[in-house]
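To keep things clear, I will list the structure first and then write my remarks on it.
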Amino acid sequence: MIKLAGMKFKEFNQSLDNPNPPAELNPYALAMWNDAKGDWEKAHKIVQDLPGPIAAWIHAYLHRKEGDAGNAGYWYRLAGRKMPAHSLPDEWEEIVKAVL
């Protein structure tokens with residue numbers, strides 16, 4: 001079960017103007033925060049060892065963003081999802097809203 005971060009999407013987006021993430025972020029939201037800040041490696045490192053379908057979804061998104069469709073497809077299957085047809089920014093928002 002995900003421990004919610006206790007913030008709204010708008011607040012999360014505003015936190016991206018800061019050099020450091022909010023302390024209350026769960027690991028899933030922290031991975032997405034780092035991705036939005038341009039640190040794919042850190043986001044991937046955070047999520048790669050987390051269990052469950054949400055972590056697999058984030059992992060899939062990160063590999064899709066990286067351009068590795070084969071690896072992304074594997075992680076989408078583990079997440080129980082199909083690779084989305086919508087944009088990466090739209091998927092990023094969908095994930096963030098799901099983990100907040």
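Nothing in this text is a laboratory measurement; each read-out follows from the coordinates by a stated rule. Being a predicted model, the structure only gives us computed values, none of them experimental. When we count neighbours, we look across all protein chains shown, and the Cβ atoms used for this are built from the backbone with ideal geometry, even at glycine.
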- prompt: What is the extension gain from Asn18 to Lys82, computed as 0.36 nm multiplied by their sequence separation minus the C-alpha to C-alpha distance, in nm to one decimal?
  reply: 19.7 nm
task: Taking the Cβ of Asp90 as the centre, find all other residues whose Cβ is under 15 Å away and add up their charges (Lys, Arg: +1; Asp, Glu: -1).
output: +1
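Calculate, in nm to one decimal, what Lys42 and Glu94 gain on full extension: separation in residues at 0.36 nm each, minus their alpha carbon distance.
Numbers: separation 52, 0.36 × 52 = 18.72 nm, distance 2.00 nm.
Here the segment from Lys42 to Glu94 would lengthen by 16.7 nm.
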- request: Let me know the volume per residue of the alpha-carbon convex hull for the chain, in Å³.
  value: 90
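Determine the dipole magnitude for region 47-100: charges of +1 sit on the beta-carbon of Lys and Arg, -1 on that of Asp and Glu, nothing else is charged, the reference point is the Cα centre, and the result goes in debye to the nearest 20.
Values: 6 positive and 7 negative charges, 39 e Å.
Dipole size: approximately 180 debye.
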- request: State to the nearest 20 debye the size of the charge dipole of the chain about its Cα centre, where the only charges are +1 on K and R beta carbons and -1 on D and E beta carbons.
  value: 280
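Ignoring everything except DSSP H segments at least 4 long, calculate the 222 nm mean residue ellipticity for the chain; use -39,500 (n - 2.57) per segment, divide by total residues, nearest 500.
On the way: 6 runs with 62 residues, N = 100.
Rounded to the nearest 500, the figure is -18500 deg cm²/dmol.
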message: Treating only the Cα positions of region 47-100 as identical point scatterers, give the base-10 log of I(q)/I(0) from the Debye formula at each q in 0.13, 0.18, 0.27 Å⁻¹.
response: -0.25, -0.49, -1.13
